[in-house]
Amino acid sequence: MNRDIYQEPLVSRYTSPEMQHLFSERFKFTHWRTCWVALAEAQCELGLSLVTREMVDELKAHVEDIDFELAAAKEKEIRHDVMAHVFAYGRKCPKAEAIIHLGATSQFVVCNTDLHIQKKALQLVKQGIVNVVANLARFCNTYKDMATLGFTHYQAAQPTTIGKRNTLYIQDLLMDLAYIEQLELKIVARGAKGTVGTQATFLELFEGDHAKVRALDELVAKKLGFNDVFPVTGQTYPRKLDMKTAETLAGVGMPAHKFAVDLRLLSNLKVQEEPFAKQQVGSSAMAYKRNPMRSERMTGLARKLMGLPADFAATAGNQWFERTLDDSAIRRMDLAQAFLLTDAILKLYVNITSDMVVYPKQVERYLRAELPFMATEKILMACVERGKSRQEMHEVIREHSVAAGLAVKEQGKENDLLERLAEDDRIPFELNEINGLISNYQEFTGRASEQTTEYLREVVASVLERHSDLIGSTDASLTV
(Lines give C-alpha, C1' and ligand atoms only; values in the text may rest on other atoms or scores of the structure.)
Protein backbone atom coordinates (compact mmCIF):
# COMPACT_ATOMS: atom_id res chain seq x y z
CA MET A 1 0.00 0.00 0.00
CA ASN A 2 1.25 3.46 -0.91
CA ARG A 3 0.74 5.44 2.30
CA ASP A 4 1.51 8.77 0.66
CA ILE A 5 -1.73 8.94 -1.35
CA TYR A 6 -5.42 8.70 -0.54
CA GLN A 7 -6.78 5.17 -0.18
CA GLU A 8 -10.45 4.44 -0.87
CA PRO A 9 -11.81 3.14 2.49
CA LEU A 10 -14.40 0.99 0.73
CA VAL A 11 -11.52 -1.03 -0.68
CA SER A 12 -8.95 -0.79 2.09
CA ARG A 13 -11.34 -1.42 4.98
CA TYR A 14 -14.88 -2.53 4.23
CA THR A 15 -15.55 -4.67 1.16
CA SER A 16 -15.06 -8.25 0.04
CA PRO A 17 -12.26 -9.28 -2.33
CA GLU A 18 -14.89 -10.73 -4.67
CA MET A 19 -16.67 -7.40 -5.15
CA GLN A 20 -13.38 -5.52 -5.38
CA HIS A 21 -12.23 -7.89 -8.14
CA LEU A 22 -15.32 -7.22 -10.25
CA PHE A 23 -14.54 -3.51 -10.30
CA SER A 24 -10.80 -3.96 -10.77
CA GLU A 25 -8.93 -2.78 -13.85
CA ARG A 26 -7.85 -6.33 -14.64
CA PHE A 27 -11.44 -7.59 -14.71
CA LYS A 28 -12.61 -4.61 -16.78
CA PHE A 29 -9.86 -4.66 -19.37
CA THR A 30 -9.94 -8.43 -19.68
CA HIS A 31 -13.64 -8.22 -20.43
CA TRP A 32 -13.01 -5.51 -22.99
CA ARG A 33 -10.92 -8.08 -24.81
CA THR A 34 -13.69 -10.64 -24.36
CA CYS A 35 -16.00 -8.14 -26.11
CA TRP A 36 -13.55 -7.74 -28.99
CA VAL A 37 -13.29 -11.51 -29.33
CA ALA A 38 -17.08 -11.86 -29.37
CA LEU A 39 -17.39 -9.17 -32.03
CA ALA A 40 -14.68 -10.63 -34.28
CA GLU A 41 -15.94 -14.17 -33.87
CA ALA A 42 -19.52 -13.15 -34.66
CA GLN A 43 -18.35 -11.21 -37.73
CA CYS A 44 -16.37 -14.23 -38.89
CA GLU A 45 -19.27 -16.61 -38.39
CA LEU A 46 -21.60 -14.30 -40.30
CA GLY A 47 -19.28 -14.37 -43.28
CA LEU A 48 -17.37 -11.10 -43.04
CA SER A 49 -14.32 -11.91 -45.16
CA LEU A 50 -12.10 -9.33 -43.43
CA VAL A 51 -12.13 -11.45 -40.26
CA THR A 52 -10.62 -14.92 -40.36
CA ARG A 53 -10.69 -17.80 -37.92
CA GLU A 54 -6.93 -17.46 -37.49
CA MET A 55 -7.41 -13.86 -36.32
CA VAL A 56 -10.13 -14.88 -33.88
CA ASP A 57 -7.96 -17.65 -32.44
CA GLU A 58 -5.09 -15.22 -31.95
CA LEU A 59 -7.36 -12.79 -30.12
CA LYS A 60 -8.63 -15.57 -27.86
CA ALA A 61 -5.10 -16.64 -27.02
CA HIS A 62 -4.20 -13.20 -25.64
CA VAL A 63 -7.33 -12.19 -23.70
CA GLU A 64 -5.52 -12.47 -20.36
CA ASP A 65 -2.16 -11.25 -21.65
CA ILE A 66 -2.46 -7.51 -20.92
CA ASP A 67 0.51 -5.14 -20.95
CA PHE A 68 -0.90 -2.56 -18.53
CA GLU A 69 2.19 -0.37 -18.65
CA LEU A 70 2.09 -0.14 -22.45
CA ALA A 71 -1.64 0.70 -22.39
CA ALA A 72 -1.13 3.35 -19.72
CA ALA A 73 1.71 4.96 -21.63
CA LYS A 74 -0.37 5.02 -24.83
CA GLU A 75 -3.38 6.49 -23.01
CA LYS A 76 -1.16 9.26 -21.63
CA GLU A 77 -0.11 10.02 -25.20
CA ILE A 78 -3.49 9.87 -26.96
CA ARG A 79 -5.83 10.54 -24.00
CA HIS A 80 -8.24 7.75 -24.95
CA ASP A 81 -8.40 4.63 -22.79
CA VAL A 82 -10.21 2.36 -25.25
CA MET A 83 -7.91 3.12 -28.16
CA ALA A 84 -4.91 2.69 -25.88
CA HIS A 85 -6.05 -0.83 -25.10
CA VAL A 86 -6.81 -1.53 -28.75
CA PHE A 87 -3.18 -0.57 -29.40
CA ALA A 88 -1.86 -2.79 -26.59
CA TYR A 89 -4.02 -5.73 -27.72
CA GLY A 90 -2.82 -5.26 -31.30
CA ARG A 91 0.79 -5.52 -30.19
CA LYS A 92 0.01 -8.97 -28.77
CA CYS A 93 -2.05 -9.97 -31.81
CA PRO A 94 -0.28 -8.74 -34.97
CA LYS A 95 -2.37 -10.91 -37.31
CA ALA A 96 -5.63 -9.62 -35.88
CA GLU A 97 -4.48 -6.07 -35.15
CA ALA A 98 -6.26 -4.59 -38.14
CA ILE A 99 -9.71 -5.95 -37.25
CA ILE A 100 -9.77 -5.33 -33.48
CA HIS A 101 -12.78 -3.11 -32.65
CA LEU A 102 -13.91 -3.28 -36.30
CA GLY A 103 -17.05 -1.18 -36.81
CA ALA A 104 -17.43 -0.54 -33.08
CA THR A 105 -17.50 2.55 -30.89
CA SER A 106 -15.82 2.80 -27.48
CA GLN A 107 -19.11 2.20 -25.74
CA PHE A 108 -19.30 -1.22 -27.35
CA VAL A 109 -16.71 -2.47 -24.87
CA VAL A 110 -17.47 -0.01 -22.06
CA CYS A 111 -21.23 -0.55 -21.91
CA ASN A 112 -21.24 -4.30 -22.49
CA THR A 113 -18.55 -4.69 -19.83
CA ASP A 114 -20.38 -2.47 -17.34
CA LEU A 115 -23.53 -4.53 -17.83
CA HIS A 116 -21.60 -7.77 -17.40
CA ILE A 117 -20.02 -6.49 -14.16
CA GLN A 118 -23.41 -5.46 -12.81
CA LYS A 119 -24.85 -8.90 -13.50
CA LYS A 120 -21.98 -10.50 -11.60
CA ALA A 121 -22.13 -7.95 -8.78
CA LEU A 122 -25.86 -8.48 -8.27
CA GLN A 123 -25.13 -12.15 -7.63
CA LEU A 124 -22.87 -11.14 -4.76
CA VAL A 125 -25.54 -8.79 -3.44
CA LYS A 126 -28.07 -11.61 -3.54
CA GLN A 127 -25.66 -13.85 -1.65
CA GLY A 128 -25.37 -11.24 1.06
CA ILE A 129 -29.12 -10.74 1.38
CA VAL A 130 -29.88 -14.46 1.48
CA ASN A 131 -27.30 -15.04 4.21
CA VAL A 132 -28.65 -12.18 6.31
CA VAL A 133 -32.16 -13.59 5.91
CA ALA A 134 -30.93 -17.05 6.94
CA ASN A 135 -29.27 -15.59 10.05
CA LEU A 136 -32.33 -13.56 10.99
CA ALA A 137 -34.64 -16.53 10.41
CA ARG A 138 -32.66 -18.60 12.91
CA PHE A 139 -32.72 -15.71 15.35
CA CYS A 140 -36.48 -15.21 14.92
CA ASN A 141 -37.14 -18.88 15.51
CA THR A 142 -35.01 -18.88 18.67
CA TYR A 143 -36.73 -15.84 20.15
CA LYS A 144 -40.22 -16.19 18.68
CA ASP A 145 -41.78 -16.60 22.15
CA MET A 146 -39.67 -14.13 24.16
CA ALA A 147 -41.91 -11.20 25.03
CA THR A 148 -40.31 -7.78 24.85
CA LEU A 149 -41.49 -4.24 25.18
CA GLY A 150 -42.76 -2.84 21.90
CA PHE A 151 -42.23 0.79 20.98
CA THR A 152 -44.06 3.35 18.90
CA HIS A 153 -42.54 6.84 18.69
CA TYR A 154 -39.82 5.26 20.85
CA GLN A 155 -42.35 5.27 23.68
CA ALA A 156 -43.41 2.10 25.48
CA ALA A 157 -46.24 0.37 23.62
CA GLN A 158 -47.82 -3.08 23.74
CA PRO A 159 -45.42 -6.02 24.08
CA THR A 160 -44.31 -7.98 21.06
CA THR A 161 -41.74 -10.76 20.83
CA ILE A 162 -38.12 -10.41 19.85
CA GLY A 163 -38.65 -12.92 17.06
CA LYS A 164 -41.64 -11.04 15.66
CA ARG A 165 -39.75 -7.75 15.66
CA ASN A 166 -36.95 -9.28 13.60
CA THR A 167 -39.36 -10.68 11.01
CA LEU A 168 -39.89 -7.06 9.98
CA TYR A 169 -36.24 -6.81 8.94
CA ILE A 170 -36.56 -10.04 6.96
CA GLN A 171 -39.65 -8.78 5.16
CA ASP A 172 -37.81 -5.65 3.99
CA LEU A 173 -34.90 -7.75 2.73
CA LEU A 174 -37.18 -10.12 0.84
CA MET A 175 -38.70 -7.11 -0.90
CA ASP A 176 -35.18 -6.06 -1.87
CA LEU A 177 -34.42 -9.56 -3.13
CA ALA A 178 -37.53 -9.50 -5.31
CA TYR A 179 -36.59 -6.12 -6.77
CA ILE A 180 -33.08 -7.36 -7.52
CA GLU A 181 -34.45 -10.40 -9.33
CA GLN A 182 -36.67 -8.10 -11.40
CA LEU A 183 -33.67 -5.88 -12.12
CA GLU A 184 -31.64 -8.86 -13.29
CA LEU A 185 -34.19 -9.42 -16.05
CA LYS A 186 -33.73 -5.81 -17.20
CA ILE A 187 -29.95 -6.06 -17.54
CA VAL A 188 -29.42 -7.05 -21.14
CA ALA A 189 -26.56 -6.41 -23.55
CA ARG A 190 -26.00 -3.15 -25.36
CA GLY A 191 -24.85 -5.38 -28.19
CA ALA A 192 -23.24 -4.05 -31.39
CA LYS A 193 -25.05 -0.80 -32.13
CA GLY A 194 -22.39 1.49 -33.59
CA THR A 195 -21.51 5.08 -32.84
CA VAL A 196 -24.95 6.59 -32.21
CA GLY A 197 -26.92 3.36 -32.09
CA THR A 198 -27.85 3.17 -35.78
CA GLN A 199 -25.47 0.30 -36.70
CA ALA A 200 -24.47 2.30 -39.78
CA THR A 201 -20.87 1.06 -39.83
CA PHE A 202 -21.90 -2.56 -39.42
CA LEU A 203 -24.45 -2.17 -42.19
CA GLU A 204 -21.64 -0.91 -44.43
CA LEU A 205 -19.36 -3.81 -43.46
CA PHE A 206 -22.09 -6.31 -44.37
CA GLU A 207 -22.86 -4.47 -47.61
CA GLY A 208 -26.39 -3.42 -46.69
CA ASP A 209 -27.52 -6.79 -45.31
CA HIS A 210 -29.87 -5.75 -42.51
CA ALA A 211 -30.53 -9.34 -41.46
CA LYS A 212 -26.85 -9.97 -40.83
CA VAL A 213 -26.50 -6.76 -38.84
CA ARG A 214 -29.40 -7.78 -36.64
CA ALA A 215 -27.91 -11.24 -36.30
CA LEU A 216 -24.56 -9.70 -35.33
CA ASP A 217 -26.20 -7.74 -32.52
CA GLU A 218 -27.90 -10.83 -31.11
CA LEU A 219 -24.92 -13.14 -31.61
CA VAL A 220 -22.50 -10.81 -29.84
CA ALA A 221 -24.91 -10.53 -26.92
CA LYS A 222 -25.20 -14.31 -26.70
CA LYS A 223 -21.44 -14.77 -26.80
CA LEU A 224 -21.14 -12.31 -23.92
CA GLY A 225 -23.55 -14.33 -21.81
CA PHE A 226 -26.71 -12.25 -22.23
CA ASN A 227 -30.11 -13.66 -23.09
CA ASP A 228 -31.32 -10.46 -24.71
CA VAL A 229 -30.19 -7.10 -26.06
CA PHE A 230 -31.54 -3.55 -25.86
CA PRO A 231 -33.61 -3.14 -29.05
CA VAL A 232 -32.55 0.50 -29.42
CA THR A 233 -29.79 2.63 -27.90
CA GLY A 234 -28.00 5.88 -28.43
CA GLN A 235 -24.26 5.69 -28.06
CA THR A 236 -24.67 4.04 -24.65
CA TYR A 237 -27.17 1.71 -23.08
CA PRO A 238 -29.96 3.78 -21.46
CA ARG A 239 -28.72 5.47 -18.30
CA LYS A 240 -32.25 5.04 -16.98
CA LEU A 241 -31.10 1.52 -16.11
CA ASP A 242 -28.29 2.92 -13.96
CA MET A 243 -30.82 4.99 -12.07
CA LYS A 244 -33.02 1.96 -11.38
CA THR A 245 -29.99 -0.06 -10.35
CA ALA A 246 -28.92 2.64 -7.90
CA GLU A 247 -32.46 2.84 -6.51
CA THR A 248 -32.54 -0.93 -6.04
CA LEU A 249 -29.21 -0.97 -4.23
CA ALA A 250 -30.21 2.02 -2.12
CA GLY A 251 -33.28 -0.03 -1.26
CA VAL A 252 -30.97 -2.52 0.42
CA GLY A 253 -29.35 0.31 2.35
CA MET A 254 -32.64 1.53 3.83
CA PRO A 255 -33.63 -1.58 5.86
CA ALA A 256 -30.01 -2.10 6.83
CA HIS A 257 -29.99 1.46 8.18
CA LYS A 258 -33.20 0.85 10.15
CA PHE A 259 -31.89 -2.41 11.58
CA ALA A 260 -28.61 -0.81 12.61
CA VAL A 261 -30.31 2.16 14.28
CA ASP A 262 -32.74 -0.13 16.11
CA LEU A 263 -29.87 -2.26 17.37
CA ARG A 264 -28.01 0.82 18.54
CA LEU A 265 -31.08 1.86 20.55
CA LEU A 266 -31.43 -1.63 22.01
CA SER A 267 -27.75 -1.60 22.86
CA ASN A 268 -28.27 1.58 24.87
CA LEU A 269 -31.03 -0.20 26.79
CA LYS A 270 -28.69 -3.19 27.32
CA VAL A 271 -31.42 -5.43 25.90
CA GLN A 272 -29.77 -6.70 22.72
CA GLU A 273 -26.30 -6.18 21.27
CA GLU A 274 -24.18 -6.92 18.25
CA PRO A 275 -21.32 -9.41 18.72
CA PHE A 276 -18.42 -8.03 20.73
CA ALA A 277 -14.96 -9.53 20.21
CA LYS A 278 -13.06 -10.70 23.30
CA GLN A 279 -10.25 -8.20 22.79
CA GLN A 280 -12.39 -5.44 21.25
CA VAL A 281 -11.90 -1.95 22.70
CA GLY A 282 -15.07 0.09 23.07
CA SER A 283 -13.53 3.46 23.91
CA SER A 284 -10.05 4.90 24.23
CA ALA A 285 -11.06 6.71 27.43
CA MET A 286 -13.96 4.73 28.91
CA ALA A 287 -12.80 1.14 29.31
CA TYR A 288 -16.22 -0.14 30.36
CA LYS A 289 -17.96 0.80 27.10
CA ARG A 290 -19.31 -1.63 24.51
CA ASN A 291 -20.03 0.69 21.63
CA PRO A 292 -22.19 -0.72 18.80
CA MET A 293 -19.45 0.22 16.31
CA ARG A 294 -20.47 -2.22 13.58
CA SER A 295 -24.05 -0.97 13.61
CA GLU A 296 -22.78 2.61 13.62
CA ARG A 297 -20.55 1.87 10.64
CA MET A 298 -23.46 0.24 8.85
CA THR A 299 -25.58 3.34 9.49
CA GLY A 300 -22.96 5.60 7.97
CA LEU A 301 -22.39 3.43 4.91
CA ALA A 302 -26.13 3.06 4.34
CA ARG A 303 -26.57 6.83 4.56
CA LYS A 304 -24.04 7.25 1.77
CA LEU A 305 -25.67 4.55 -0.37
CA MET A 306 -29.17 5.97 0.07
CA GLY A 307 -27.94 9.32 -1.27
CA LEU A 308 -26.50 7.99 -4.53
CA PRO A 309 -29.68 7.59 -6.64
CA ALA A 310 -29.90 11.36 -7.04
CA ASP A 311 -26.55 11.33 -8.88
CA PHE A 312 -27.75 8.66 -11.28
CA ALA A 313 -31.06 10.40 -11.91
CA ALA A 314 -29.27 13.66 -12.72
CA THR A 315 -26.84 11.86 -15.04
CA ALA A 316 -29.62 10.01 -16.87
CA GLY A 317 -31.68 13.16 -17.24
CA ASN A 318 -28.72 15.13 -18.62
CA GLN A 319 -27.79 12.82 -21.50
CA TRP A 320 -28.16 15.17 -24.47
CA PHE A 321 -29.70 13.42 -27.47
CA GLU A 322 -27.60 10.30 -28.22
CA ARG A 323 -25.04 10.90 -25.42
CA THR A 324 -22.83 13.41 -23.67
CA LEU A 325 -19.57 12.61 -21.92
CA ASP A 326 -20.47 14.07 -18.55
CA ASP A 327 -21.72 10.62 -17.59
CA SER A 328 -18.21 9.14 -17.74
CA ALA A 329 -16.34 10.58 -14.75
CA ILE A 330 -19.25 10.33 -12.32
CA ARG A 331 -20.12 6.77 -13.35
CA ARG A 332 -16.52 5.66 -12.80
CA MET A 333 -17.03 6.58 -9.16
CA ASP A 334 -20.71 6.09 -8.47
CA LEU A 335 -21.34 2.80 -10.22
CA ALA A 336 -18.53 1.05 -8.36
CA GLN A 337 -19.37 2.81 -5.11
CA ALA A 338 -23.02 1.78 -5.24
CA PHE A 339 -22.09 -1.88 -5.39
CA LEU A 340 -19.14 -1.62 -3.02
CA LEU A 341 -21.27 0.19 -0.44
CA THR A 342 -23.97 -2.47 -0.73
CA ASP A 343 -21.33 -5.16 -0.36
CA ALA A 344 -19.84 -3.49 2.72
CA ILE A 345 -23.26 -3.07 4.32
CA LEU A 346 -24.26 -6.68 3.72
CA LYS A 347 -20.89 -7.92 4.96
CA LEU A 348 -21.58 -6.08 8.23
CA TYR A 349 -25.20 -7.23 8.29
CA VAL A 350 -24.16 -10.88 7.95
CA ASN A 351 -21.54 -10.47 10.64
CA ILE A 352 -23.85 -8.79 13.15
CA THR A 353 -26.77 -11.18 12.68
CA SER A 354 -24.56 -14.25 12.92
CA ASP A 355 -24.18 -13.90 16.69
CA MET A 356 -26.44 -11.25 18.25
CA VAL A 357 -26.73 -11.25 22.03
CA VAL A 358 -29.99 -10.93 23.97
CA TYR A 359 -30.20 -10.23 27.72
CA PRO A 360 -33.45 -11.79 29.01
CA LYS A 361 -33.25 -10.20 32.45
CA GLN A 362 -33.01 -6.75 30.94
CA VAL A 363 -35.90 -7.58 28.62
CA GLU A 364 -37.95 -8.58 31.66
CA ARG A 365 -36.89 -5.48 33.58
CA TYR A 366 -38.38 -3.15 30.98
CA LEU A 367 -41.50 -5.25 30.69
CA ARG A 368 -42.03 -5.15 34.46
CA ALA A 369 -41.50 -1.39 34.48
CA GLU A 370 -44.14 -0.69 31.85
CA LEU A 371 -46.49 -3.66 31.86
CA PRO A 372 -48.53 -2.55 34.92
CA PHE A 373 -49.90 0.36 32.87
CA MET A 374 -50.64 -1.91 29.92
CA ALA A 375 -52.26 -4.53 32.18
CA THR A 376 -54.79 -2.17 33.72
CA GLU A 377 -57.57 -3.32 31.39
CA LYS A 378 -56.98 -6.93 32.37
CA ILE A 379 -57.02 -5.97 36.06
CA LEU A 380 -60.21 -3.98 35.49
CA MET A 381 -61.96 -6.97 33.93
CA ALA A 382 -60.81 -9.21 36.77
CA CYS A 383 -62.27 -6.77 39.28
CA VAL A 384 -65.60 -6.83 37.46
CA GLU A 385 -65.57 -10.63 37.59
CA ARG A 386 -65.24 -10.30 41.39
CA GLY A 387 -68.46 -8.32 41.42
CA LYS A 388 -67.12 -4.80 41.37
CA SER A 389 -68.55 -1.90 39.34
CA ARG A 390 -66.64 -1.31 36.16
CA GLN A 391 -67.03 2.46 36.41
CA GLU A 392 -65.85 2.57 40.02
CA MET A 393 -62.87 0.31 39.31
CA HIS A 394 -61.94 2.33 36.24
CA GLU A 395 -61.75 5.52 38.32
CA VAL A 396 -59.72 3.84 41.08
CA ILE A 397 -57.24 2.38 38.60
CA ARG A 398 -57.02 5.72 36.76
CA GLU A 399 -56.19 7.58 39.97
CA HIS A 400 -53.40 5.21 40.89
CA SER A 401 -52.07 5.05 37.34
CA VAL A 402 -51.69 8.84 37.19
CA ALA A 403 -50.04 8.94 40.62
CA ALA A 404 -47.64 6.10 39.80
CA GLY A 405 -46.72 7.71 36.51
CA LEU A 406 -45.93 11.02 38.17
CA ALA A 407 -43.81 9.28 40.82
CA VAL A 408 -41.74 7.61 38.08
CA LYS A 409 -41.22 10.83 36.11
CA GLU A 410 -40.91 13.44 38.87
CA GLN A 411 -39.32 11.47 41.72
CA GLY A 412 -37.41 8.80 39.80
CA LYS A 413 -39.19 6.00 41.64
CA GLU A 414 -39.88 2.51 40.34
CA ASN A 415 -43.32 1.86 38.90
CA ASP A 416 -45.34 0.86 41.98
CA LEU A 417 -48.80 0.86 40.41
CA LEU A 418 -49.47 -2.75 41.36
CA GLU A 419 -48.51 -2.12 44.97
CA ARG A 420 -50.76 0.94 45.06
CA LEU A 421 -53.69 -1.08 43.75
CA ALA A 422 -53.09 -3.92 46.21
CA GLU A 423 -53.04 -1.50 49.14
CA ASP A 424 -56.36 0.06 48.11
CA ASP A 425 -59.22 -1.69 49.92
CA ARG A 426 -61.52 -1.00 46.98
CA ILE A 427 -59.49 -3.39 44.80
CA PRO A 428 -60.52 -7.00 45.55
CA PHE A 429 -57.03 -8.52 45.08
CA GLU A 430 -53.89 -9.03 47.11
CA LEU A 431 -50.52 -8.12 45.56
CA ASN A 432 -49.64 -11.75 44.78
CA GLU A 433 -52.95 -12.16 42.97
CA ILE A 434 -52.38 -9.01 40.90
CA ASN A 435 -48.87 -10.15 40.05
CA GLY A 436 -50.34 -13.46 38.97
CA LEU A 437 -52.62 -11.68 36.53
CA ILE A 438 -49.63 -10.32 34.62
CA SER A 439 -46.96 -12.94 35.31
CA ASN A 440 -47.26 -14.51 31.87
CA TYR A 441 -45.84 -11.78 29.64
CA GLN A 442 -46.63 -13.71 26.49
CA GLU A 443 -50.36 -13.29 27.12
CA PHE A 444 -49.85 -9.64 26.19
CA THR A 445 -48.11 -10.31 22.85
CA GLY A 446 -51.19 -11.32 20.88
CA ARG A 447 -50.30 -13.55 17.91
CA ALA A 448 -46.67 -12.42 17.73
CA SER A 449 -45.31 -15.92 18.31
CA GLU A 450 -47.74 -17.54 15.88
CA GLN A 451 -47.14 -14.85 13.27
CA THR A 452 -43.41 -15.46 13.49
CA THR A 453 -43.78 -19.21 13.06
CA GLU A 454 -46.21 -18.81 10.18
CA TYR A 455 -44.07 -16.22 8.41
CA LEU A 456 -40.92 -18.31 8.67
CA ARG A 457 -42.72 -21.42 7.48
CA GLU A 458 -44.97 -19.99 4.78
CA VAL A 459 -42.79 -17.23 3.31
CA VAL A 460 -39.15 -17.35 4.35
CA ALA A 461 -38.54 -21.10 4.08
CA SER A 462 -39.37 -21.25 0.38
CA VAL A 463 -37.07 -18.31 -0.42
CA LEU A 464 -34.19 -19.87 1.48
CA GLU A 465 -34.82 -23.19 -0.22
CA ARG A 466 -34.80 -21.55 -3.64
CA HIS A 467 -31.47 -19.92 -2.85
CA SER A 468 -29.98 -22.71 -0.74
CA ASP A 469 -26.84 -22.72 -2.89
CA LEU A 470 -26.03 -19.19 -1.65
CA ILE A 471 -26.36 -19.90 2.07
CA GLY A 472 -23.01 -20.00 3.80
CA SER A 473 -21.24 -18.52 0.79
CA THR A 474 -20.62 -15.17 2.48
CA ASP A 475 -17.80 -14.74 4.98
CA ALA A 476 -19.21 -13.48 8.30
CA SER A 477 -15.84 -12.40 9.65
CA LEU A 478 -14.61 -8.82 9.78
CA THR A 479 -10.97 -7.83 9.73
CA VAL A 480 -11.36 -4.13 10.51
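A quick yes/no check of all residues on (1) at pLDDT 95 or above; (2) surrounded by 23 or more Cβ atoms within 10 Å (Cβ to Cβ); (3) within 30 Å of Gly472 (Cα to Cα); (4) under 17 Å from the mean Cα position of the chain (by Cα):
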| position | (1), (2), (3), (4) |
| --- | --- |
| Ile99 | yes, no, no, no |
| Val110 | yes, no, no, no |
| Thr113 | yes, no, yes, no |
| Lys119 | yes, no, yes, yes |
| Leu122 | yes, no, yes, yes |
| Gly128 | yes, yes, yes, yes |
| Thr142 | yes, no, yes, no |
| Thr152 | no, no, no, no |
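Among the residues of region 47-65, none qualifies, meaning not one is surrounded by 14 or more Cβ atoms within 10 Å (Cβ to Cβ), in the same structural domain as Arg214 (by TED's automatic domain parsing), within 34 Å of the chain's Cα centre (by Cα) and within 29 Å of Ala211 (Cβ to Cβ).
Please work out if Leu70 is surrounded by fewer than 18 Cβ atoms within 10 Å (Cβ to Cβ), farther than 20 Å from Gly103 by Cβ and modelled with pLDDT of 95 or more. So Leu70 passes the test.
Scanning region 441-470 for residues that are of a type in the set (Val, Ile, Thr) and at pLDDT below 95 yields a single hit, Thr445. If the condition is being part of a helix (DSSP H, G or I) and either touching a Pro at 6+ places or on another chain (Cβ under 7 Å) or more than 24 Å from Cys111 (Cα to Cα) (or both), then region 35-54 contributes Arg53, Glu54.
Being farther than 19 Å from Ala157 by Cβ and touching a strand residue (DSSP E or B) at 6+ places or on another chain (Cβ under 6 Å) is the requirement here; does Val358 meet it? So Val358 fits the description; yes.
All of (1) over 13 Å from Gly163 (Cα atoms); (2) crowded, with 18+ Cβ neighbours inside 10 Å hold for Thr445 with one exception: (1).
The values are calculated or read from the model by the stated rules, or taken from the named source; none is laboratory data. The model shown is predicted, which means the values in this text are computed figures rather than measured ones. Using ideal geometry, Cβ is built from the backbone for each residue, glycine included, and neighbour counts are taken over all protein chains shown.
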